[in-house]
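Structure first, then comments.
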């Protein structure tokens, strides 16, 4: 069973077993702590006659409890179609976490059974592994420790007592050319995880079979640090998408330290953090492509100070040219209210940073929630001094469902920064 939710969307009502609701409440409490959310990500309320409503807030991703797969679409991708938003989220996650090669983003994964976000990741991983195996399974040298009748490699000095007690065998440390390398362990683990999590039984069976074909490879994945250091040989470039999917899952799994009866396999992201990091990625790319002499800096701004009792604010970014701040930008994961104005405290935040940095232009960046919003709205700030103008920018993340979808957003930022300086 698939339970599809939209972040901050209307609650879904239905009849669920008490065990499922209890487990979901426990997962909600756990993920609140893991992701540092101000409230629990799942709101469960009794409606009437055994019917409960479930609503998601602050998260995107998926988890599985018993036979129910729970999928949460982020609000910044709510306007686009069911299939498109999953591919858009995949592209955004890989860009903000890995900056993958073009092959990882343009892989033509089969989408005939793309019934959930986990299914999309499963198809991408499966197609990638199958293409890579045409070149043969990657191998490498792995350090082995064993007791042997003859010396191989070098003596294992940590087991010198064994030499005294059993002089007829030697404790050895040697390198073995094997398939049991960190890359294969990571991909096999991710394949087995997704085999259980996908919604399509056909896809789950194929993933399970693929995991079993990693003969001689441990199911235990490498640690996160070791996984981040994995690099692919040129001849295994087709394995790049599988590596990115596996890393995405391993990073989420590493956040879950508690091993208790309520632990369910889940891979959830804090939506506001994903949006803010993606805005940073777009700005970095824009400066690299069009303004290589400008610099992007993430900073904390002290507005006033007095012996350890400083008053500070934290806009996300400022852009500098020759050590002079030319723009202050703050990403806000919010939907505007009906009056079509930003919240006053958000405007004050960037205005204060603009004043301290003697910067004439300040920006707030929002996800575009529907087509009625203009791409940019500009105000002239009353009074003397800096800043002179304030602008609200709306970025349409639905284009990320297309190949190289970030390029229109990068071009838009370039135009905004070049032209937004006066009220039209």
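The values are calculated or read from the model by the stated rules, or taken from the named source; none is laboratory data. Keep in mind that this is a model prediction, so the values were computed, not measured. With ideal geometry, Cβ positions are generated from the backbone for all residues, glycine too; neighbour counts draw on all protein chains shown.
Summary of computed values
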| item | result |
| --- | --- |
| Selected residue (criterion: farthest from residue 125 (Cα to Cα)) from residues of region 166-203 that are without any contact (Cβ under 8 Å) to a residue 24 or more places away in the chain and outside any loop (DSSP other than H, G, I, E, B) | 170 |
| Residue among 373, 403 that is surrounded by fewer than 20 Cβ atoms within 10 Å (Cβ to Cβ), at pLDDT below 85, under 21 Å from residue 80 (Cβ atoms) and in contact with a helix residue (DSSP H, G or I) (Cβ under 7 Å, 6 or more places away or on another chain) | 403 |
| In region 376-400, residue modelled with the lowest pLDDT [restricted to those that are exposed (fewer than 14 other Cβ atoms within 10 Å of the Cβ) and on the phi < 0 side of the Ramachandran plot] | 384 |
| Residues (in contact with a strand residue (DSSP E or B) (Cβ under 7 Å, 6 or more places away or on another chain) and farther than 26 Å from residue 85 by Cα) located in region 1-31 | 15, 16, 20, 21, 23, 25 |
| Every residue from region 204-243 that is in a helix (DSSP H, G or I), closer than 20 Å to residue 97 by Cβ and in contact with a helix residue (DSSP H, G or I) (Cβ under 9 Å, 6 or more places away or on another chain) | 224, 226, 227, 228, 237, 239, 240, 241, 242, 243 |
